[in-house]
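Engineer: Once you've had a glance at the structure underneath, I'll fire off some questions.
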Amino acid sequence: MYKSFKFNNMWRTFQWISDDIVDGKYNDDDRVPSVREFGMCFEVNTNTAMKAYDMLSRDNVIYNRRGLGYFVTPGAREKIMESRRNEFMTSVLPDVFRQMRMLGIGIEEFTKKWSESSK
């Protein structure tokens, strides 16, 4: 979604909420913690949390019900996963393959490790 972000508190806040949606902690139309609740829980400045919530809202990942708080937009999980898959396939995986070639790691060794990690 946002490749140019630096790993600051706003980005971490954005990621925490997105991760919770992908992990199923929050489903479609579930209420997410308020900006203040989130800030207190994760020791993040309220303004920082608000910026992350604004970004999530602009991306239609969460929406605001006036007076009630923020809720997960239906389809947000799929949208986040599609974006992350695309980022992984275009940015992360090519570097993994480059590293594998450089280190002489074959697909068989990789597949074995993949299988072991799935247990």
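Engineer: Students sometimes get this wrong: rank Ser83, Ser91 by accessible area, probe 1.4 Å, all chains present, largest first.
Structural biologist: Descending order: Ser91, Ser83.
Engineer: Compute the acute angle (0 to 90°) between the alpha-carbon long axis of helix 93-103 and the principal axis of greatest extent of the alpha-carbon atoms of the chain; round to the nearest 10°.
Structural biologist: Tilt of helix 93-103: around 30 degrees.
Engineer: Would you mind checking the tilt of helix 46-58 against the longest principal axis of the Cα atoms of the chain, expressed as 0 to 90 degrees and rounded to 10?
Structural biologist: Orientation of helix 46-58: about 70 degrees from the principal axis.
Engineer: Treating only the Cβ of Lys, Arg, Asp and Glu as charged (+1, +1, -1, -1), what charge dipole size does the chain show about its Cα centre? Round to the nearest 20 debye.
Structural biologist: 260
Engineer: Any idea what angle helix 9-22 forms with the longest principal axis of the chain, computed on alpha-carbon atoms, 0 to 90 degrees, nearest 10?
Structural biologist: Here the helix axis deviates by roughly 80 degrees.
Engineer: Considering only Cα-Cα distances, which of the following residue pairs are longer than 26 Å: Lys25/Lys79; Lys79/Lys113; Lys79/Lys112; Lys25/Lys113?
Structural biologist: Lys79/Lys113; Lys79/Lys112; Lys25/Lys113
Engineer: Under 13 Å between alpha carbons, and skipping anything fewer than 8 positions from Lys119 in its own chain: which aspartates and glutamates qualify?
Structural biologist: none
Engineer: How many nm separate the modelled label positions at Gln99 and Asp19, each set 7 Å beyond the Cα in the direction of the Cβ?
Structural biologist: 1.8
Engineer: Given H placed on each backbone N at 1.01 Å, which residues far from Ile62 in sequence or on other chains put an amide H within less than 5 Å of it?
Structural biologist: Ser57, Thr73
Engineer: Note the listed values (i) 15, 52, 30, 4; (ii) 12, 36, 26, 17, 8, 1; (iii) 11, 32, 32, 19, 5, 1, then indicate which one is P(r) over Cα pairs in 10 Å bins from 0, in percent calculated from this particular structure.
Structural biologist: Among (i) 15, 52, 30, 4; (ii) 12, 36, 26, 17, 8, 1; (iii) 11, 32, 32, 19, 5, 1, the one derived from this structure is (ii).
Engineer: While we're looking at this one, here's another question. Can you tell which of Gly69, Gly39, Gly104 shows the greatest fluctuation in a Gaussian network model of the chain with Cα springs below 10 Å?
Structural biologist: Gly104
The values are calculated or read from the model by the stated rules, or taken from the named source; none is laboratory data. The structure displayed is predicted, hence computed values, not measured ones. Neighbour counts are summed over all protein chains in view; Cβ atoms, including those assigned to glycine, are modelled from backbone coordinates with ideal geometry. To get the accessible areas, we keep the full protein, side chains included, count just its heavy atoms, and leave off ligands, DNA and RNA. Shrake-Rupley method; radii C 1.70, N 1.55, O 1.52, S 1.80 Å.
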